[in-house]
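Enquirer: This structure is in structure tokens; I'll ask about it shortly.
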Amino acid sequence: MAQNFTLDRRDAVKALLADRGDLLAVSGLGSSSYDVFAAGEHPGNFYLWGAMGGAAMVGLGIALAQPKRPVAVITGDGEQLMGVGSLLTIAAKKPGNLTIVVLDNGHFGETGMQLSHSGLGARLEVIASGAGIASVREITDIEGIISLRAEMQSIDAGPRLARVRIASDHVDRALPPRDGVFLKNRFRQNLGIAVT
């Protein structure tokens with residue numbers, strides 16, 4: 001039986017990234033990248049193109065390499081379901097500065113809106129807890145987003161995972177830059193790493 005998915009995805013991501021400070025944001029394939037871009041272009045955004053299932057692991061790598069910067073992975077349920085094993089590695093490594101935000105509409109948005117496992121009852125926050133991630137939650141309202149936003153700034157209380165239940169309504173694409181070299185160089189500069 002399909003679950004109830006409620007929040008507007010764009011409003012949720014915009015509220016999540018408001019007043020972000022030094023937060024680094026990695027976005028998963030497809031709609032989550034459009035949402036992060038629509039919330040406001042930022043040199044600390046790293047959009048993944050064609051890396052289905054890899055967002056959480058890219059975020060883990062950045063979190064481990066930059067332990068003094070808060071890192072948020074913002075991805076969808078389909079992308080995280082494909083990379084569900086990454087939750088085990090994240091739990092084992094315990095990066096205090098990493099937050100994973102799963103925008104869960106219960107559908108595979110990039111392939112035709114088929115029901116995902118989440119739409120059929122799988123609960124990624126329960127899976128994350130079983131993997132060993134101690135801080136997990138389900139968010140269904142904007143107050144929950146605002147509370148999570150404050151916690152995402154912490155660099156020592158993670159890792160955290162939040163399943164944000166969003167509506168499956170259609171939203172127009174907002175396409176971020178797709179030039180991989182540009183994105184890499186801009187992100188490196190934001191980290192204070194020389195680009196040659």
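Enquirer: Of all the residues that make up the range 173-195, how many are charged (D, E, K, R), under 19 Å from the mean Cα position of the chain (by Cα) and either in a loop (DSSP other than H, G, I, E, B) or over 24 Å from Leu98 (Cα atoms) (or both)? Give the derivation first.
Expert: Of all residues in the range 173-195, those charged (D, E, K, R) come to 173, 178-179, 184, 186, 188.
If we keep only those that are under 19 Å from the mean Cα position of the chain (by Cα) as well, we get 173, 178, 184.
Those left that are additionally either in a loop (DSSP other than H, G, I, E, B) or over 24 Å from Leu98 (Cα atoms) (or both): 173, 178.
Number satisfying all stated conditions: 2.
Enquirer: Go through the range 164-184 and count every residue that is among the basic types (Lys, Arg) and within 17 Å of Gly78 (Cα to Cα). Step through it out loud before you land on a result.
Expert: If we filter the range 164-184 for residues that are among the basic types (Lys, Arg), which is where we start, we get 165, 173, 178, 184.
Of the ones still in play, those that are also within 17 Å of Gly78 (Cα to Cα) are 165.
So the answer is 1.
Enquirer: Would you pick out the residues in the range 56-85 that are in a helix (DSSP H, G or I), modelled with pLDDT of 95 or more and crowded, with 19+ Cβ neighbours inside 10 Å? Break it down stepwise before answering.
Expert: The first filter runs over the range 56-85 and keeps only residues in a helix (DSSP H, G or I), leaving 56-65, 77-82.
Checking which are modelled with pLDDT of 95 or more leaves us with 56-65.
Matches in the range 56-85: Ala56, Val58, Gly59, Leu60, Ile62, Ala63.
Enquirer: So, one more: I'm told Ala15 meets every condition in (1) surrounded by 24 or more Cβ atoms within 10 Å (Cβ to Cβ); (2) among the aliphatic types (A, V, I, L, M); (3) within 20 Å of Arg165 (Cβ to Cβ) except one. Can you identify the failing condition by its number?
Expert: With respect to (1) surrounded by 24 or more Cβ atoms within 10 Å (Cβ to Cβ); (2) among the aliphatic types (A, V, I, L, M); (3) within 20 Å of Arg165 (Cβ to Cβ), Ala15 is out only on (1).
Enquirer: Looking at the range 118-149, which of its residues are under 14 Å from Ile100 (Cα atoms) and in a helix (DSSP H, G or I)?
Expert: Scanning the range 118-149 gives Leu124, Glu125, Val126, Ile127, Ala128, Ser129, Ala131, Ile145, Leu148, Arg149.
Enquirer: Follow-up. Among the residues of the range 32-46, write down those that are within 12 Å of Leu175 (Cα to Cα) and surrounded by fewer than 24 Cβ atoms within 10 Å (Cβ to Cβ).
Expert: Initially, the range 32-46 is screened for residues within 12 Å of Leu175 (Cα to Cα), giving 32-41.
Matches in the range 32-46: Tyr34, Phe37, Ala38, Ala39, Gly40, Glu41.
Enquirer: Given the criteria at pLDDT 90 or above and closer than 18 Å to Gly54 by Cα, does Arg188 qualify?
Expert: Details: at pLDDT 90 or above: yes; closer than 18 Å to Gly54 by Cα: no.
So Arg188 does not fit the description; no.
The values are calculated or read from the model by the stated rules, or taken from the named source; none is laboratory data. Because the structure is a prediction, the values reported are computed rather than measured. For neighbour counting, all protein chains shown are included, and Cβ atoms are generated from backbone atoms with ideal geometry for every residue, glycine included.
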